1. Do we have any residue at all in the stretch A:131-142 that's more than 7 Å from chain B (Cβ to nearest Cβ) and under 19 Å from the mean Cα position of the chain (by Cα)?
2. Check off (1) under 15 Å from A:Y10 (Cβ atoms); (2) within 11 Å of chain A (Cβ to nearest Cβ); (3) free of Cβ contacts under 8 Å to residues at least 12 places away in the same chain for B:H14 and give me the number that stays unchecked.
3. For the stretch A:64-85, indicate whether the set of residues that are part of a helix (DSSP H, G or I), away from DNA strand D (no atom under 14 Å from the Cβ) and either surrounded by fewer than 18 Cβ atoms within 10 Å (Cβ to Cβ) or of a type in the set (K, R) (or both) is non-empty.
4. Is there any pair with a first residue in the stretch B:54-65 that is more than 14 Å from chain A (Cβ to nearest Cβ) and among the hydrophobic types (A, V, I, L, M, F, W, C) and a second that is near DNA strand D (Cβ under 10 Å from one of its atoms) and part of a helix (DSSP H, G or I) whose Cβ atoms are under 8 Å apart and which are 6 or more apart or on different chains, and what are they?
5. Can you pull out the residues in the stretch A:37-55 that are more than 9 Å from DNA strand C (Cβ to nearest atom) and in a helix (DSSP H, G or I)?
6. Conditions first: (1) within 12 Å of DNA strand C (Cβ to nearest atom); (2) surrounded by 18 or more Cβ atoms within 10 Å (Cβ to Cβ); (3) within 30 Å of B:N11 (Cα to Cα). B:F61 passes all but one, so which condition is the exception?
7. Taking the stated definitions as given, is B:T139 of a type in the set (S, T, Y) and not in a helix (DSSP H, G or I)?
8. Scan (1) within 20 Å of the chain's Cα centre (by Cα); (2) surrounded by 15 or more Cβ atoms within 10 Å (Cβ to Cβ) for the single condition B:E126 breaks and write down its number.
There are 2 protein chains.
Amino acid sequence: MEKLNNIIFYNIDHSIRLYRMYAQKKLREHGFKITIDQWLVIKCILENPTITQHELSELVFKDNASVTRIIDLLIKANYLEKEINPDDRRKFILQVTKSGEEIIKNVQEIILQNRNKALKGIDAKELEIADAVLRKIITNCK
Amino acid sequence: MEKLNNIIFYNIDHSIRLYRMYAQKKLREHGFKITIDQWLVIKCILENPTITQHELSELVFKDNASVTRIIDLLIKANYLEKEINPDDRRKFILQVTKSGEEIIKNVQEIILQNRNKALKGIDAKELEIADAVLRKIITNCK
DNA sequence: TTAAAATAATTGATATATCAATTAAGTTTT
DNA sequence: AAAACTTAATTGATATATCAATTATTTTAA
């Protein structure tokens, strides 16, 4: 047990790093000019149209500063627009552009392929257990 | 199954992020001026005294550029020294200083506490399964 | 209802991640 | 031995992570 204790975080780190690199490489190979993090942010806005940047940061496990900068880049890339929320002028309304919607739609198939590739040969029950372990770690670290 | 597929990477990402934040916070609270990544690099050099930067980068899943910069900071912090390897002048010999050895020794107890806290209440068999799943993902993404 | 507290977002500073290009030193080929 | 190739490390550019400090706005409390 002691040895595995030492190594589980190492493997968590390694697996997510490799998956992200793999996913990013596939996006690049298909000519998509977007990062995994940017993709995730647009995806969350599409699914939660009234979300604030602060709520967004909690949803994607990034801090406010990171979200601000990712959004800046998304606006520069013309995937996103923002305007002050008249109901609370501290907040912004985030609006995915046509171009933003399009790239998400086009990228979707590759994302699914990436997941299938990464999870190939893994038993559903084992995956469920792994997920439960991860959720437990999340709870413990909060 | 499909839904879990969608969420497992989300939880992998979330768990390692929270664990790193927790671990970093604990180090800071105890007054240690070192990052988790820097700690890992020193640890690897101590355990592999003849390791090159390139080998190091493979061991800690970082690329050469990141390792170069982490080593620069470790040298600045006086935890590490490096000198050209006379047998192959492209390489460096990495030497942990007394101060570097000391901080690793002093930090050890906190690292163990962090791991115990993060893994509390997780069954050994389930942990083993989770680890196997992660290793499988690693293999699949290579 | 004004002062204090809380919230949302930004900015600055520093660390790390990633890719591409470059430099320097070794190795292989012809 | 010189040219071509390979390897090790660095550097530059850009993206993200994290903390602390700041600004603007809203809410709460005195």
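1. Scanning the stretch A:131-142 turns up no residue that is more than 7 Å from chain B (Cβ to nearest Cβ) and under 19 Å from the mean Cα position of the chain (by Cα).
2. It is condition (1) that B:H14 fails.
3. Residues of the stretch A:64-85 part of a helix (DSSP H, G or I): A:64-76.
Those still in the list that are away from DNA strand D (no atom under 14 Å from the Cβ) too: none.
No, the stretch A:64-85 has no match at all.
4. Hits for this filter: B:L56/B:V67.
5. First, pick out the residues of the stretch A:37-55 that are more than 9 Å from DNA strand C (Cβ to nearest atom): A:37-50.
Across the stretch A:37-55, the qualifying residues are A:D37, A:Q38, A:W39, A:L40, A:V41, A:I42, A:K43, A:C44, A:I45, A:L46, A:E47.
6. Condition not satisfied by B:F61: (2).
7. Details: of a type in the set (S, T, Y): yes; not in a helix (DSSP H, G or I): no.
It is false that B:T139 is of a type in the set (S, T, Y) and not in a helix (DSSP H, G or I).
8. Among (1) within 20 Å of the chain's Cα centre (by Cα); (2) surrounded by 15 or more Cβ atoms within 10 Å (Cβ to Cβ), the lone unmet condition for B:E126 is (1).
The values are calculated or read from the model by the stated rules, or taken from the named source; none is laboratory data. Nothing here was measured: the structure is a model prediction, and the numbers come from that model. Ideal geometry is used to build each Cβ from the backbone, glycine not excepted, and the neighbour counts take in all protein chains shown.
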